[in-house]
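Trainee: The following block contains the structure, expressed as structure tokens.
The values are calculated or read from the model by the stated rules, or taken from the named source; none is laboratory data. Note that the coordinates shown come from a computational prediction; the quantities given were computed from them, not determined experimentally. Note that we place each Cβ from the backbone using ideal geometry, even for glycine, and neighbour counts take in every protein chain shown.
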Amino acid sequence: MTHLAFWIAAWGGAATGFTLTALITTYRLRARAKAAATKPTTWPKIVLVRPCEGLDPLLRDTLRSSLGARYDGPRAIFFCVPSPHDPAYAVAAEVRDELAAAGGDVQLVVTELGQAANRKAAQLAYVERHLPGDAGILVVADSDVLLEDDSLPSLIGALEADPKNAASSAPPIDVAARTVGDRASAALLSSTPNALLALAALSEWAGSVPLLAGALLAIRRPALAAVGGFADLEPYLGEDFELARRLHAAGKHMATSVSPARFTDSGRSLTAVIRRYARWALVVRRQRPTLFATYMLLLGCGPLVTTASLFVAALHAPLAWLALVNMTTLLAARLLLAASLRRWYGIGGSLARAMAAGMMGESLILTAALLATTSAEVVWRGHRFYVGARGALEPILD
């Protein structure tokens with residue numbers, strides 16, 4: 001029992017060090033990204049692509065923001081739908097007409113995806129093939145992302161801050177939480193070490209493949225073409241993970257925007273949210289297996305370390321006091337990280353809310369990671385796939 005208490009105490013100590021590293025590196029990354037957002041004096045032309053499939057709760061508002069959000073350079077906008085029969089088509093057509101009447105350069109394209117595995121990557125590949133040669137920067141914004149006045153300047157500012165940057169992305173947060181599932185998702189993305197702003201900082205600090213968040217990203221077209229374009233990403237579940245891996249292998253740099261990508265998903269059940277994050281965890285398990293262990297050992301370990309420390313204390317084990325001390329230190333560090341992330345994301349709230357969100361988010365991390373170990377099959381956009389090596393999707397025929 002002495003050995004058990006010692007190892008639990010060591011786990012708590014290591015997790016505390018990891019959390020403080022996440023806090024410091026995230027602070028530094030955010031400071032650089034904030035400075036980068038104000039540097040450009042001229043803004044390059046962008047091609048903004050919104051891949052749509054199905055009817056998102058606030059689809060009309062998110063598509064309208066494609067032109068309504070401030071950007072001082074020229075922009076062309078593409079709304080993509082897989083079929084004229086898709087529920088998103090009528091909304092996208094209506095918004096296209098509205099924005100075109102306001103002077104926007106807006107097109108609606110039907111991509112006819114066929115049997116594409118990653119349907120988002122297939123839509124992006126379709127647009128990529130039909131772009132004019134002067135379209136130097138491609139911006140991808142998921143259909144459920146609401147663009148605000150800081151979104152595009154921060155994203156392009158991060159990209160343009162260094163000529164070596166091939167791409168930039170914005171860490172996502174949930175902004176329309178209504179259900180328990182919505183709030184759990186919001187907690188994970190805003191109040192845990194798995195918040196993508198923190199993950200971007202940690203990957204940079206570790207010198208590993210940088211994080212590239214696919215919900216809102218910008219990429220230079222020559223760099224995209226050099227790694228095969230979006231067409232080469234169609235077989236993969238995590239097209240953004242694979243894109244980041246390829247860019248990193250090619251020696252390219254990636255930057256992070258100081259402003260988040262604002263998800264508008266709402267009304268989700270807790271089960272649906274768990275399955276969504278289990279897919280994310282499965283991407284990590286299949287594409288970066290050595291990183292997957294950190295889900296339980298570091299990213300979501302707060303509830304586990306707490307439970308284990310209280311267990312050895314209840315048994316009056318020798319060194320249980322050290323486990324409790326390290327548990328307390330870990331929880332304090334997690335609280336500091338959660339409160340800081342929420343403030344940086346503009347969420348705010350009390351320390352009690354930050355702690356509750358952190359523990360809820362970490363519980364979701366653990367549950368999703370455990371579910372990702374039970375099977376390599378996923379249901380995505382109504383289709384069943386086996387997720388193979390490096391996240392390659394293999395259709396499962398019923």
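Trainee: Any residue at all in the stretch 53-68 that is surrounded by 22 or more Cβ atoms within 10 Å (Cβ to Cβ), outside any helix (DSSP H, G or I) and touching a helix residue (DSSP H, G or I) at 6+ places or on another chain (Cβ under 8 Å)?
Mentor: For the stretch 53-68, residues surrounded by 22 or more Cβ atoms within 10 Å (Cβ to Cβ), outside any helix (DSSP H, G or I) and touching a helix residue (DSSP H, G or I) at 6+ places or on another chain (Cβ under 8 Å): present.
Trainee: Are any residues in the stretch 360-383 over 19 Å from the mean Cα position of the chain (by Cα) and either among the hydroxyl-bearing types (S, T, Y) or surrounded by fewer than 14 Cβ atoms within 10 Å (Cβ to Cβ) (or both), and if so, which ones?
Mentor: Across the stretch 360-383, the qualifying residues are T373, T374, S375, E377, V379, G382.
Trainee: Continuing with this model, one more query. Condition test on T19, is it outside the structural domain of A317 (by TED's automatic domain parsing), surrounded by 21 or more Cβ atoms within 10 Å (Cβ to Cβ) and under 22 Å from S257 (Cα atoms)? I'd like the intermediate steps shown before the answer.
Mentor: Details: outside the structural domain of A317 (by TED's automatic domain parsing): no; surrounded by 21 or more Cβ atoms within 10 Å (Cβ to Cβ): yes; under 22 Å from S257 (Cα atoms): yes.
Criteria not met by T19.
Trainee: Just to check your reading of the model, which residue among A332, A357, A339, A308 is exposed (fewer than 15 other Cβ atoms within 10 Å of the Cβ) and at pLDDT 95 or above? Give the derivation first.
Mentor: Details: A357 fails: exposed (fewer than 15 other Cβ atoms within 10 Å of the Cβ); A339 fails: exposed (fewer than 15 other Cβ atoms within 10 Å of the Cβ); A308 fails: exposed (fewer than 15 other Cβ atoms within 10 Å of the Cβ).
Going through A332, A357, A339, A308 in turn, the sole match is A332.
Trainee: Let me ask something else. Could you check A36 against (1) closer than 23 Å to G207 by Cβ; (2) in contact (Cβ under 8 Å) with a residue 12 or more places away in the chain; (3) surrounded by fewer than 21 Cβ atoms within 10 Å (Cβ to Cβ); (4) not aromatic (F, W, Y) and say which number it fails?
Mentor: If we test A36 against (1) closer than 23 Å to G207 by Cβ; (2) in contact (Cβ under 8 Å) with a residue 12 or more places away in the chain; (3) surrounded by fewer than 21 Cβ atoms within 10 Å (Cβ to Cβ); (4) not aromatic (F, W, Y), just (3) comes out false.
Trainee: From A122, A102, A186, A90, which residue is in contact with an Asp or Glu (Cβ under 7 Å, 6 or more places away or on another chain) and over 30 Å from R343 (Cα atoms)?
Mentor: Numbers: A102 fails: in contact with an Asp or Glu (Cβ under 7 Å, 6 or more places away or on another chain); A186 fails: over 30 Å from R343 (Cα atoms); A90 fails: in contact with an Asp or Glu (Cβ under 7 Å, 6 or more places away or on another chain).
Going through A122, A102, A186, A90 in turn, just one is in contact with an Asp or Glu (Cβ under 7 Å, 6 or more places away or on another chain) and over 30 Å from R343 (Cα atoms): A122.
Trainee: Out of the residues in the stretch 4-52 meeting the condition of being in a loop (DSSP other than H, G, I, E, B) and hydroxyl-bearing (S, T, Y), tell me which one is modelled with the lowest pLDDT.
Mentor: Step one: filter the stretch 4-52 for residues in a loop (DSSP other than H, G, I, E, B), giving 37-45, 52.
Within this subset, residues satisfying the condition of being hydroxyl-bearing (S, T, Y) are 38, 41-42.
Working: T38: 72, T41: 68, T42: 83.
Among residues in the stretch 4-52 that are in a loop (DSSP other than H, G, I, E, B) and hydroxyl-bearing (S, T, Y), the one modelled with the lowest pLDDT is T41.
Trainee: Hey, among L138, L99, which residue is modelled with pLDDT of 90 or more, part of a helix (DSSP H, G or I) and surrounded by 14 or more Cβ atoms within 10 Å (Cβ to Cβ)?
Mentor: Result: L99 is the single residue among L138, L99 that is modelled with pLDDT of 90 or more, part of a helix (DSSP H, G or I) and surrounded by 14 or more Cβ atoms within 10 Å (Cβ to Cβ).
Trainee: Under 8 Å between Cβ atoms, at least 6 apart or on separate chains: pull out the pairs that start in the stretch 1-18 with a residue that is at negative phi and end on any residue that is assigned to a helix (DSSP H, G or I) and hydroxyl-bearing (S, T, Y).
Mentor: Correct list of pairs: I8/S309; A9/S309; G12/S309; G12/T329; G13/T329; T16/T329.
Trainee: Going by the structure shown, is P57 in the same structural domain as E148 (by TED's automatic domain parsing), at pLDDT below 95 and touching a strand residue (DSSP E or B) at 6+ places or on another chain (Cβ under 6 Å)? Walk me through how you get there before you give the answer.
Mentor: Working: in the same structural domain as E148 (by TED's automatic domain parsing): yes; at pLDDT below 95: yes; touching a strand residue (DSSP E or B) at 6+ places or on another chain (Cβ under 6 Å): no.
When the stated conditions are applied, P57 does not pass them.
Trainee: Right, another one. Please return the ranges of helices (runs of 4 or more DSSP H) entirely within the stretch 293-374 where 1 or more residues are in contact with a Pro (Cβ under 7 Å, 6 or more places away or on another chain). Step through it out loud before you land on a result.
Mentor: Working: elements: 302-314, 320-344, 351-372.
So the answer is 320-344, 351-372.
Trainee: Please verify whether L48 is surrounded by 15 or more Cβ atoms within 10 Å (Cβ to Cβ), in the same structural domain as L155 (by TED's automatic domain parsing) and within 21 Å of the chain's Cα centre (by Cα), treating the condition exactly as stated. Before you say what the answer is, go through the steps one by one.
Mentor: Numbers: surrounded by 15 or more Cβ atoms within 10 Å (Cβ to Cβ): yes; in the same structural domain as L155 (by TED's automatic domain parsing): yes; within 21 Å of the chain's Cα centre (by Cα): yes.
Spelling it out, L48 is indeed surrounded by 15 or more Cβ atoms within 10 Å (Cβ to Cβ), in the same structural domain as L155 (by TED's automatic domain parsing) and within 21 Å of the chain's Cα centre (by Cα).
Trainee: A follow-up question, please. Do we have P163 as modelled with pLDDT of 95 or more, closer than 22 Å to R28 by Cα and assigned by TED's automatic domain parsing to the domain that holds E53 here?
Mentor: On the way: modelled with pLDDT of 95 or more: no; closer than 22 Å to R28 by Cα: yes; assigned by TED's automatic domain parsing to the domain that holds E53: yes.
So P163 does not fit the description; no.
Trainee: Checking V110 against (1) crowded, with 21+ Cβ neighbours inside 10 Å; (2) more than 17 Å from the chain's Cα centre (by Cα), which single condition isn't satisfied?
Mentor: All conditions are met except number (1).
Condition check ((1) surrounded by fewer than 23 Cβ atoms within 10 Å (Cβ to Cβ); (2) under 21 Å from R245 (Cα atoms); (3) outside the structural domain of E362 (by TED's automatic domain parsing); (4) of a type in the set (S, T, N, Q)) across all residues:
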| position | (1), (2), (3), (4) |
| --- | --- |
| A293 | yes, yes, no, no |
| L297 | yes, no, no, no |
| G302 | no, no, no, no |
| A314 | yes, no, no, no |
| A323 | no, no, no, no |
| T328 | yes, no, no, yes |
